[in-house]
Amino acid sequence: MSPDAKIRLDHVEKTYPGTKVPAVESLSLEVYEGEILVLVGPSGCGKSTTLRLINRMIEPTGGRIYLDDEDVTKVNADKLRRRIGYVIQQIGLFPHQTIAQNIATVPKMLGWDKAKVAERIDRLLTVVGLDPDTYRDRYPKELSGGQAQRVGVARALGADPEIMLMDEPFGAIDPITRDRLQNEFLSVQEDLRKTIVFVTHDIDEAIKMGDRIAILGDRSHIRQIDTPERILAFPVDDFVRDFIGEGSTLKGLHFETVDEHVTLEPYPTMHVGEDPTAAVARAREAGTDWVLLLDDQEHPTRWVPVSDLGGGSTVSSDSGSEVVAKVSLGATLFEALEQMLISEAAVSPVVREDGSFYGVVRLTHLNKAIRRARLEAREHYAQLEATS
Amino acid sequence: MSMTGAQGRIGYEGQEKDNPEPPPDPNTGSDATDAAPTEQPASWFLRAREMNLGLKLAPVAIALLGLGLFLYYRSLGLGTTAPSSQTSALEWSTKLWPQLTQHLTIAFWSTIIVVVIAIPLGIALTREPLRRYGPAFVSTANAGQALPAYGLLIIFLTLMGQGLTTVVVALAVYALLPVLRNTMVGLDGVDRGIIEAGRGMGMTRGQVLTRIELPLAVPVILAGIRVAMILNIGMATLAFLIGGGGLGVTISVGLKLQQNEVLLVGSTLVAIVALSFDWVGAVAEKYLRPRGV
Ligand SMILES: Nc1ncnc2c1ncn2[C@@H]1O[C@H](COP(=O)(O)OP(=O)(O)OP(=O)(O)O)[C@@H](O)[C@H]1O
Ligand SMILES: [Mg+2]
């Protein structure tokens, strides 16, 4: 247990009345302070039940629940919930109350004074990207689905809880808006650093939102819990492999960046007006069919085929073809791959922050990076096994 | 749904007045793809309702009916040309006015009793642990509703004897069901997600009931009360059968003496009372409906 466990479930069980098979069976789980832990798994595996056990919307039939090392299994559930933000797919805005009144729900219950509540409402609307003057006095039916979900998040943040529980918060929203809400939420989280448990059945959403992902099987059994990159690099069993599905290798490229693991290669370059013979020689030596033409600020501008450089002709600024694809240092290997696929020379030129040429990414770099990530993950799990 | 141009225009004006579009977004620009909620096309009938045509016209119609009755009453020549039995049956200060107040008293108290009993009962039957008895309770009450009102009055007569109290109690029992059923339907109709959100934020069950469920159920509950009230006003016409008085006395005298004038005055008065209270109910439903719903 490296960072602090903000939430700790200790052998938590839930068997619904009238059923024999538990919906959640002996689940032990730690959620670290400031992280987003995503619970993901097939429908009916007990994700929502697990989430609702944490704020005691459902009473556990066994085990203990700790927040900040305080046993909350038996404390007053209503008071407990006022400390925990809760966002659900149905949003559940109160239709007979204005947006402001909705957001004020928990602060008012906690007895905040009026001025503080009003200020908080405006703050939160701004945080979720809604103009307070426009939206404060509207009723929920006057909002679009995306706006309503933003208000749902603002309301959950109402009294600045340290913990947020989110059950498929973006599940009922169209893909484009969902993508935007996810990005906005991630950037809000960057500042707020809440401890978040996030439920989804969409592995891509899990990979995008999670600092860590817990892949759950039947009865909320944890099949694998780890960072998205490690899960993608090393699914522990067939269940997990099936669940993350096709293309997990490609998805893994999202977590590798151009600077960290990739040793970039030099590439034959030349400047306008330079003697082509030397450039051709460099290209021969490097085994490339192209030379990258740089302008006087060292920005990559054109791909010039070696075959155009014969016969002593000089290179002008319109030789070859324009460089359309390039990536910056720090971009993900996924972006590098995309650029590579559309690049004339089948490599992605990498530029520094000032736009000057730094090197190129080739397919072999991606291959190496992925293999390294897999090896590291495998070693990590071998080590875990050895120590346990 | 087809709609002629003229009707469409009428409806459109009504919407402009009563249901202004939310102002356009001077928004941060972050919402280009969040589609704004769109207005559903409404039938002519619904649009007429949105314009409150009924609400505005009803008082006029009631006033006209009242005026007509007044003129008719004056034209009868009571105390002069009219037969003496008619004159005495239709005397305002000793017959009609006391009967009218009696009639209203019966309807008022039976409705009050209905509300006081049915709403808490409806709440209880939608909570744990009584929740599961709710459907059984309502279907029993439904069966009870099939009992003729007349029979109910007689049963209560044998139980409680003659008099106003008996009538009030019998009517309250008779009109209980609409309010009970609407209370339960109204509370059950509140979206589960809304309740879940309320509970999830740490509202107690009581807070969810009083701040969320009841306000949202108000329109449905009010509709039930309105039905009960109208039932009671109508049923109070039978009160005379067990010595409860009311405008039913005049109507029965008219029937007995075969004097259509008496019959007409009595029944028109009942109609005016019923229509007036129905209108009050409609106004209440409109203005007590929570905003935003
Ligand atoms: N109130 C309840 N009473 C009885 N069984 C329940 C109840 N709620 C859920 N279950 C059962 O518990 C199991 C887990 O349900 P849960 O809602 O936690 O699944 P989930 O992982 O959230 O699924 P989904 O992705 O479809 O939302 C399911 O088999 C479900 O049928
Ligand atoms: Mg669920």
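May I ask for the net charge around A:Y66, where only other residues with Cβ less than 14 Å from the Cβ of A:Y66 are counted and Lys, Arg are +1 while Asp, Glu are -1? Neighbour charge sum, excluding A:Y66 itself: -3.
Database remark: amide H of A:G330 closer than 5 angstrom to the amide H of A:V258, A:D259 (H placed geometrically; neighbours at sequence offset of 5 or more, or on other chains; Pro and chain starts carry no H).
Distant-in-sequence amide contacts of A:V361, defined by a placed amide H-H separation under 5 Å and a gap of 5 or more residues or a different chain, comprise A:S348, A:V350. Over all orientations, the stretch A:1-151 has a Cα convex hull whose mean projected area works out to 11.1 square nanometres.
Element breakdown for the stretch B:164-203 at a 1.4 angstrom probe: carbon and sulfur atoms account for 59% of the accessible area. Going by a ≥ b ≥ c, the root eigenvalues of the Cα gyration tensor, does the stretch B:62-117 fall in the rounded group (a/c under 1.5), the prolate group (a/b larger than b/c) or the oblate group? In terms of gyration-tensor shape, oblate. The mean sequence distance of close C-alpha pairs (under 8 Å, at least 6 residues apart), as a share of the length of the stretch B:100-293, puts its relative contact order at 28 percent. With both residues required to sit in the protein assembly as shown, DSSP beta bridges show an antiparallel share near 55%. Counted by Cβ distance under 14 Å from B:V115, the other residues give a net charge of +2, where Lys and Arg count +1 and Asp and Glu count -1.
Have a look at A:D204, A:D296, A:D122 and tell me which one the Gaussian network model of chain A (Cα, springs below 10 Å) gives the largest fluctuation. Checking each option, the largest mean-square fluctuation is seen for A:D296. Each residue of the stretch B:78-85 was assigned a 3J(HN,Hα) from its phi angle through the Karplus expression (A = 6.51, B = -1.76, C = 1.60, θ = phi - 60°), giving 5, x, 10, 7, 6, x, 5, 4 Hz with x at Gly and Pro.
If the limit is 22 Å between Cα atoms, which of A:K114/A:K141; A:K108/B:K286; A:K326/A:K368; A:K251/A:K326 go over it?
Values: A:K114/A:K141 25 Å; A:K108/B:K286 29 Å; A:K326/A:K368 20 Å; A:K251/A:K326 20 Å.
Going by Cα-Cα distance, A:K114/A:K141; A:K108/B:K286 fall outside the 22 Å limit.
The residues of the stretch B:71-194 expose on average 52 square angstrom of accessible surface per residue, using a 1.4 Å probe on protein heavy atoms. Considering helices alone, the calculated mean residue ellipticity of the protein assembly as shown at 222 nm is -16000 deg cm²/dmol, with DSSP H runs of length four and up weighted by -39500 (n - 2.57) and normalised per residue.
When you restrict to C-alpha pairs under 8 Å that are six or more residues apart and normalise by the size of chain A, the relative contact order lands at 15 percent. Roughly speaking, what % of Cα-Cα pairs in the stretch B:140-242 are separated by over 22 Å, rounded to a whole number? More than 22 Å apart: 45 percent of the Cα pairs in the stretch B:140-242. State log₁₀ I(q)/I(0) for the stretch A:259-366 at q = 0.10, 0.17 Å⁻¹ as given by the Debye formula over alpha-carbon point scatterers of equal weight, solvent excluded. One equal scatterer on each Cα of the stretch A:259-366 leads to -0.26, -0.73. Extent along the principal axes, Cα only, for the stretch B:116-160: 37, 20, 13 Å, with the longest axis given first. Put simply, the amide H of A:K6, placed in the peptide plane, has neighbours under 5 Å in A:V31, A:Y32, A:E33, leaving out anything fewer than 5 places away on its chain.
For the protein assembly as shown, the alpha-carbon coordinates run over 134, 64, 45 Å along the three principal axes, in decreasing order. For the stretch A:70-91, heavy-atom accessible area (probe 1.4 Å) falls by no less than 40 Å² from the chain alone to the full protein assembly at A:D78, A:R81, A:Y86. In the stretch A:254-388, the DSSP beta bridges split such that about 70 percent are antiparallel, to the nearest 5.
Rounded to the nearest Hz, the phi-derived 3J(HN,Hα) couplings of the stretch A:207-218 under the Karplus curve 6.51 cos²θ - 1.76 cosθ + 1.60 (θ = phi - 60°) are 5, 6, 8, x, 6, 9, 10, 10, 8, 9, x, 3, where x marks glycine and proline. Coupling constants for the stretch A:8-18 follow from the phi torsions by the Karplus curve (6.51 cos²θ - 1.76 cosθ + 1.60, θ = phi - 60°), and in residue order they are 9, 9, 10, 6, 7, 10, 9, 10, 5, x, x Hz; glycine and proline get x.
Three principal axis extents describe the C-alpha atoms of the stretch B:100-293; from largest down they are 68, 35, 22 Å.
The values are calculated or read from the model by the stated rules, or taken from the named source; none is laboratory data. Values in this document were obtained by computation on a predicted structure and should not be read as measured data. Counting neighbours? That spans all protein chains shown, and the Cβs are built from the backbone with ideal geometry, glycine included. The protein model used for the area step is the full one, side chains on, heavy atoms only, and it has no ligands, DNA or RNA in it. Shrake-Rupley method; radii C 1.70, N 1.55, O 1.52, S 1.80 Å.
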